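Student: Mind looking over this structure? Questions follow.
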Amino acid sequence: MAIQLVSAIKRYIGTAAEVAAFPLAGLPVGSTFFESDTGILKILDQSGALVNAPSESSVVQLSGSNMELYGATTATRPAATAVAVGTTFTVCNASLDTTISDGTNWVAI
């Protein structure tokens, strides 16, 4: 397979039946189709066929990570060392004061 530039890809969402009936002619390689009823993501390959990505059992699931935290005051914010680096904490006030953990301290952003 030769390297192909993937540009101007299109992203579609629909049921499996809608995706199966969708006309693929003229769409760029790499365009994606998410089957909302099955959770399967399909990618248009270089032959013009839809293939499951990355496998037949590919189902989109949330990771369960919690990188965005909210609270009434900073008093409810956990220690910066207790959360993953990059976690944000937003105070639910008029200015939505937000800080981000660098792994050691909370830094205003």
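The values are calculated or read from the model by the stated rules, or taken from the named source; none is laboratory data. Bear in mind that the values here come from a model prediction, so they are computed numbers and not experimental data. FYI the Cβ positions are ideal-geometry reconstructions off the backbone, even for glycines, and counts take in every protein chain you see.
Student: Name the residues in the stretch 60-98 that are within 23 Å of the chain's Cα centre (by Cα) and in contact (Cβ under 8 Å) with a residue 24 or more places away in the chain, would you?
Tutor: Answer for the stretch 60-98, where residues must be within 23 Å of the chain's Cα centre (by Cα) and in contact (Cβ under 8 Å) with a residue 24 or more places away in the chain: just 60.
Student: For the list (1) farther than 13 Å from residue 98 by Cα; (2) at pLDDT 75 or above; (3) touching a Phe, Trp or Tyr at 6+ places or on another chain (Cβ under 8 Å); (4) hydrophobic (A, V, I, L, M, F, W, C), I need the number of the one condition that residue 49 fails.
Tutor: Of (1) farther than 13 Å from residue 98 by Cα; (2) at pLDDT 75 or above; (3) touching a Phe, Trp or Tyr at 6+ places or on another chain (Cβ under 8 Å); (4) hydrophobic (A, V, I, L, M, F, W, C), only one is false for residue 49: (3).
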